[in-house]
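J.: Handing you this structure, nothing more for now.
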Amino acid sequence: MTASLATLSLPNPVLTASGCAAAGRELHQFFDVAALGAVVTKSIMTRPRSGRATPRMAETPSGMLNSIGLQGPGIDSFIENDLAWLAAHGARTVVSIAGGHTDEYVEITRKLNGNAAVSMLEVNISCPNVESRGQVFACDVHASSRVIGAVRRAADPALPVFAKLSPDVTDITLIARACADAGADGFSLINTLLGMVIDTDTMAPALGGVTGGLSGPAIRPVALRCVWQVHQKLPSYPIIGMGGIRCGLDALQFILAGASAVSVGTAVFGDPSAPVRVLAELEAALDARGFASLAGAVGYAHRAPEHRLGPDAPQAAAS
Ligand code: RRO
């Protein structure tokens, strides 16, 4: 079940999704956070931030809308309290970083350099809940390239830098290509889709922030399509796939589409143990299909029919 993410090797491919489990403490009541491939922390900015107006969450069919607005303690407190707690509990940590402008990403990156508790940087250039759509860097090739290039140059060379992209674009592969050219080592796909709900009693938007990010099973086909397209265009770049994963077979779809690992997010709100359950179910599903290793299944669905093997010849499928 070893997962390869550029220079980072994880013991298994199931991670939390940024924003759904803060820095892992709450989940640790339900399972050992060190059992996961890694914990992906809530996107952090330079200074403490209170976030958007309430209400911040709304239910939708098969999904959830959030409008948190990057609430967080700021990078210094995060390093001192959250990162230290994760390291003390043996968790591998992917730190999600966010910024209002390129310099803020660079400042955060420099503060994390040299910290042995950090396994990877996930550069969140796709938060939908910002004041201006112009700040959704991942909706523009030049802005994406600028941020990812600056972080890549500022970060420890050994630290993998993954770009977290938005599905709210016409062609996600153009953004992925720009990030790859700027030095991204891989991709986290996908962030939430921008949506909204109107409360028919108050006849006003249900969220204080009016619009919010849609997550959960409703977005799984969109997320899977993004992983498929990016893997097809950039097959040598590792992908962490996410979007509505609730069980091992959901995770398997992402692996077959080209993801080398998966993040479990919204599912933890209803089932806090979902990440470890998904891991066990994924392992069983790979085994049942005869894959000798996770790596043999990554991108398997892209194989031409003549190279695809039926369940009668499973061991060959894993090679
Ligand atoms: O904090 C948020 O409101 C938020 C973030 Br940073 C993000 O990347 N995606 C999302 O749905 N919400």
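Derivation of every value follows stated rules applied to the coordinates shown; laboratory data play no part. From a predicted model like this one, the values you see are computed outputs, not experimental measurements. Note that we place each Cβ from the backbone using ideal geometry, even for glycine, and neighbour counts take in every protein chain shown.
J.: Give a quick list of trypsin sites (Lys or Arg not before Pro) in region 217-314 that DSSP marks as loop, anything other than H, G, I, E or B, with at most 13 other Cβ atoms within 10 Å.
T.: Working: sites: 225, 233, 246, 277, 289, 303, 308; in loops: 246, 289, 303, 308.
Of the trypsin sites (Lys or Arg not before Pro), the ones in loops of region 217-314 whose Cβ has at most 13 other Cβ atoms within 10 Å are 303, 308.
J.: Which is the longest stretch in the chain that no exposed loop site breaks, taking sites as GluC sites (Glu not before Pro) with a DSSP loop state and at most 16 other Cβ atoms within 10 Å? Please list the in-between numbers first.
T.: Numbers: sites that count: 26, 131.
Counting at most 16 other Cβ atoms within 10 Å as exposed, the longest clean stretch of the chain is 132-319.
J.: Sorting check: for 153-159, 210-216, which peptide has the highest mean count of neighbouring beta carbons within 10 Å, and how do the rest follow? Don't skip to the end; give the middle numbers.
T.: Numbers: 153-159: 15.3, 210-216: 23.3.
Top of the packing list down: 210-216, 153-159.
J.: Students often forget the sequence filter, so: which lysines lie under 24 Å Cα-Cα from residue 42 once same-chain residues fewer than 8 apart are removed?
T.: Counting by Cα, and skipping residues close in sequence, residue 42 has these lysines nearby: 111, 164.
J.: Which three extents, in angstrom, do the Cα atoms of the chain have along their principal axes, listed largest first?
T.: 56, 51, 41
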